[in-house]
1. Would you check if there is a residue in region 407-427 being outside any loop (DSSP other than H, G, I, E, B), surrounded by fewer than 18 Cβ atoms within 10 Å (Cβ to Cβ) and under 47 Å from the mean Cα position of the chain (by Cα)?
2. Consider A310 carefully, then state whether it is at negative phi and surrounded by 19 or more Cβ atoms within 10 Å (Cβ to Cβ).
3. Out of (1) of a type outside the set (S, T, Y); (2) in contact with a Phe, Trp or Tyr (Cβ under 8 Å, 6 or more places away or on another chain); (3) crowded, with 18+ Cβ neighbours inside 10 Å, what's the single condition that is false for G155?
4. Report whether or not I354 is more than 29 Å from the chain's Cα centre (by Cα), buried (at least 18 other Cβ atoms within 10 Å of the Cβ) and modelled with pLDDT of 85 or more.
5. From (1) assigned to a strand (DSSP E or B); (2) open to solvent by less than 60 Å² (accessible area, probe 1.4 Å), pick out the condition that doesn't hold for V179.
6. Let me spell it out: the conditions are (1) on the phi > 0 side of the Ramachandran plot; (2) in contact with a Phe, Trp or Tyr (Cβ under 7 Å, 6 or more places away or on another chain), and D260 meets all of them except one. Which number is the exception?
7. Applying the selection to region 531-543, what residues are out of contact with any helix residue (DSSP H, G or I) (no Cβ under 7 Å at 6 or more places or on another chain), open to solvent by less than 60 Å² (accessible area, probe 1.4 Å) and outside any strand (DSSP E or B)?
Amino acid sequence: MSELTKNVQPLQDFNWDEFENGTVANVSKEELDKAYDETLNKVSEHQVVDGTVISVDKKEVVVNIGYKSDGIIPASEFRYNPDLKAGDTVEVYVENAEDKKGQLVLSHKKARMSKSWERVNAALDAQEVIQGYIKCRTKGGMIVDVFGIEAFLPGSQIDVHPIRDYDQFVGKTMEFKVVKINQEFRNVVVSHKALIEAELEAQKQEIISKLEKGQILEGVVKNITSYGVFVDLGGVDGLIHITDLSWGRVDDPHKVVELDQKINVVILDFDEEKKRIALGLKQLTPHPWDALDPNLKVGDHVKGKVVVIADYGAFVEIQPGVEGLIHVSEMSWSQHLRSAQEFLKVGDEIEAVILTLDRDERKMSLGIKQLKEDPWEAIEVKYPVGSKHSAKVRNFTNFGVFVELEEGVDGLIHISDLSWTKKVKHPSEFTQVGTMIDVIVLDIDKENRRLSLGHKQLEDNPWDVFEEKYTVGSIHEGKITELLEKGAVVSLDENVEGFATPKHLVKEDGSQAQQGEVLPFKVIEFNKDSKRIILSHSRTFEDPQREEKKAAAKKARTPKNDTPKIENVAASTTLGDIDVLAQLKAQMEKGE
């Protein structure tokens with residue numbers, strides 16, 4: 001006999017007959033079963049009841065609802081509540097009071113679903129703080145299990161700080177507030193940020209109330225944008241504008257600071273009402289102008305990098321935070337309007353000359369044309385009067401052609417100095433912009449940096465020859481090249497042109513001469529000084545007719561048998577006189 005049973009004694013008064021017959025103290029087994037059933041809860045299927053957690057493990061949760069058997073629920077239905085423990089009261093849905101195995105079948109998920117919509121709406125109305133389980137990521141945010149309903153948590157509502165890694169929140173249980181419900185589509189939006197904003201607002205107010213301009217604080221870089229950097233000052237954010245990051249120009253704030261970097265900043269300004277704080281980083285270091293070489297002066301050469309280009313000029317950084325402006329007019333000795341982009345580009349490393357320097361205003365102007373000799377300093381040597389050169393046509397005016405002999409040296413060819421013979425109405429008839437033209441220097445205006453140039457002077461004046469050829473009364477063949485209201489332009493030889501008025505364009509048949517006709521023209525006026533030749537086609541046939549009429553009229557006035565009058569002659573008759581007398585005698589004899 002074992003130690004466990006050696007001291008056990010049977011009951012002396014136990015009625016073994018009643019036990020075998022199923023009766024105890026004259027009570028039947030049916031009555032005992034009925035009494036036992038009455039001690040248990042009456043459970044109806046498909047209803048929600050409260051139950052007590054008996055045990056919890058990784059796979060299942062055992063729940064007692066006061067029924068003759070306990071229900072087993074998958075632990076996954078309680079993921080939203082990781083703090084669940086034995087003794088907690090939970091809602092369960094009775095799916096089956098007794099399955100084939102005699103097991104009570106319960107569901108916590110369905111119990112939650114049956115009341116979740118009412119709970120969610122009540123939480124919105126009461127601004128209640130609820131718990132939810134973050135199931136997964138989705139576009140723009142996260143999916144959260146709230147009372148068994150899948151609610152949407154926008155990325156902007158996860159925290160007051162921008163979130164860079166959403167995956168770190170998946171699988172976590174967090175507190176939320178319901179901020180929006182779409183009753184029609186049963187969509188629920190929750191926020192975690194809303195829980196901490198009220199607390200942060202109070203913190204912000206307290207922090208801002210203690211701020212002072214010029215105060216230096218430590219902060220953490222929380223966000224970097226194209227226009228500046230947001231810094232967390234311990235519950236309140238401030239902005240360092242991109243211009244306050246460095247004394248030098250900053251094109252990308254990422255080159256100056258990094259996310260989560262701890263930095264010291266100075267308070268520049270703040271607005272208690274709008275909760276805006278302007279911070280500065282560059283103000284913690286001395287201004288570079290204060291560290292500029294005190295011996296630097298106007299006329300010195302400096303080296304730098306082009307950091308900004310505009311049409312009017314270029315900004316050159318000679319050391320971080322110290323810039324000088326090269327105006328476009330100081331980039332070339334040329335006086336033509338040009339943009340700075342034609343000379344420089346961002347990133348160029350250049351040398352320049354200091355033109356002005358104002359340390360108080362922290363301004364400096366530079367020049368690069370001064371690195372080259374001013375071509376006008378010795379203009380008389382390189383371009384003396386009478387010298388011949390080749391120049392580039394830059395532009396036209398009604399009175400002439402502007403040309404460039406070299407960069408910075410311009411000249412004007414007056415329209416009257418383009419051609420000896422051709423009457424040029426506009427320079428575009430004679431040449432084109434961008435072409436090269438031969439010129440001769442006529443005059444130098446050093447003060448106004450202008451040269452008077454000529455083109456026709458490269459040849460001898462043909463009017464000296466024309467004076468002998470186109471004498472008044474001479475007749476030449478010409479072609480009508482242009483008809484005007486006051487007359488016609490007539491092209492003669494040697495590219496010289498004459499002019500004929502309308503009355504001198506009448507042809508022998510009475511018709512008017514037309515453009516393109518080649519006709520004989522008589523010179524009726526020649527003026528060498530004004531280079532003018534006046535022509536007439538009518539006079540080529542009118543003058544001979546007029547001479548013939550004069551001759552005929554004269555002949556008509558003289559009688560055919562008119563006897564020559566004999567005048568007394570001196571005794572000393574000359575040989576000429578004898579000849580006249582001989583002719584007279586012959587006429588008289590012929591008359592007889």
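1. Initial filter on region 407-427 (outside any loop (DSSP other than H, G, I, E, B)): 409-417, 427.
Adding the requirement that they be surrounded by fewer than 18 Cβ atoms within 10 Å (Cβ to Cβ) leaves 414, 416.
If we keep only those that are under 47 Å from the mean Cα position of the chain (by Cα) too, we end up with 414, 416.
For region 407-427, residues outside any loop (DSSP other than H, G, I, E, B), surrounded by fewer than 18 Cβ atoms within 10 Å (Cβ to Cβ) and under 47 Å from the mean Cα position of the chain (by Cα): present.
2. For A310, the condition - at negative phi and surrounded by 19 or more Cβ atoms within 10 Å (Cβ to Cβ) - is not met.
3. Every listed condition holds for G155 apart from (3).
4. When the stated conditions are applied, I354 passes them.
5. (2)
6. Of (1) on the phi > 0 side of the Ramachandran plot; (2) in contact with a Phe, Trp or Tyr (Cβ under 7 Å, 6 or more places away or on another chain), only one is false for D260: (2).
7. T540, F541, D543
Here's the yes/no breakdown for (1) free of Cβ contacts under 8 Å to residues at least 12 places away in the same chain; (2) hydrophobic (A, V, I, L, M, F, W, C); (3) part of a helix (DSSP H, G or I); (4) within 23 Å of D83 (Cα to Cα):
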site: K101; (1), (2), (3), (4): yes, no, no, no
site: K110; (1), (2), (3), (4): no, no, yes, yes
site: S114; (1), (2), (3), (4): no, no, yes, yes
site: I134; (1), (2), (3), (4): no, yes, no, yes
site: D145; (1), (2), (3), (4): no, no, no, yes
site: E150; (1), (2), (3), (4): no, no, no, yes
site: R164; (1), (2), (3), (4): no, no, no, no
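The values are calculated or read from the model by the stated rules, or taken from the named source; none is laboratory data. It should be emphasised that the depicted structure is a prediction, and the values quoted were computed from it without experimental measurement. For neighbour counting, all protein chains shown are included, and Cβ atoms are generated from backbone atoms with ideal geometry for every residue, glycine included. What goes into the accessible areas is simple: the full protein's heavy atoms, side chains included, and nothing from ligands, DNA or RNA. Shrake-Rupley method; radii C 1.70, N 1.55, O 1.52, S 1.80 Å.
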